[in-house]
Amino acid sequence: MDALAPPPVINCSRVIAYAHVSGLEYRRAGRLFVGDQEILAVPNLAICADLRSDAGLYLFHCDADWSTIATGGGEDSVAAMKVLAERNYKGVAERWVDLNVSRAEALAWWDSQSGGEKCSFCGRRAFEVARWIVGPSAIICNLCIDQFHDLSWDSLADA
Ligand SMILES: [Zn+2]
């Protein structure tokens, strides 16, 4: 069976590059833990940029369906991320596929998956806010509710 290509967005992050790493020697170099459990060889890696800030880069260690098992990284360039991955997966350098999903492409995909849900007042998407409330014909996010509270206090103080 052919290995599955990733979606354009993983964990609210756009995919810059991905690699299928099944069959590569796993060198256990930078040992990776989730809680107390060490994560060993995974089938897929993806280097992704966070859509919330578009600054943070992650190295996602994923299962066959591109669900994230662990997040590594901390490097500030894609090239450095690839070097980091090579320390653990010997030969991954030959396997990277550069998708370079743009922010616009990632957001379009997100909207297609979410039904285009956004805060009716500020237009933010779900991943850009902590919580929101969905009413019969509108959605309002926690940031807009906070803004409303600030306004209310200001107008009370002015009265
Ligand atoms: Zn809002």
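Values quoted throughout were computed directly from the atomic coordinates according to the rules given, and no laboratory measurement underlies them. Everything numeric in this text was worked out from a predicted model, so none of it was measured. Cβ coordinates were reconstructed from backbone atoms using ideal geometry, including for glycine residues, and neighbour counts include every protein chain displayed.
A few points about this structure:
- Near the amide H of residue 99, within less than 5 Å, lie the amide hydrogens of 17, 18, all on another chain or at least 5 residues away, with H placed in the peptide plane.
- On Cα atoms only, tilt of 78-88 relative to the major axis of the chain in degrees: 50 degrees
- In degrees, nearest ten, helix 142-158 long axis to first principal axis of the chain (Cα): 30 degrees
- Acute angle (nearest 10 degrees) that the helix 103-114 long axis makes with the longest principal axis of the chain, alpha-carbon atoms: 70 degrees
- Theoretical ellipticity at 222 nm over the chain - DSSP helices of four or more residues, -39500 (n - 2.57) apiece, nearest 500: -8000 deg cm²/dmol
- Phi-based couplings in Hz for region 33-49 (Karplus 6.51, -1.76, 1.60; Gly and Pro marked x): 10, 10, x, 8, 8, 6, 8, 9, 4, 10, x, 9, 10, 9, 9, 9, 10
- FRET efficiency, 1/(1 + (r/R0)^6) with R0 30 Å, evaluated for residue 149 and residue 71 via beta carbons: 0.35
- For region 9-105, the pair-distance distribution built from all alpha carbon pairs, in bins 5 Å wide starting at 0, is 3, 14, 27, 28, 19, 8, 2, 0 percent.
- Relative contact order, percent, the chain [alpha-carbon distance under 8 Å, six or more residues apart]: 21 percent
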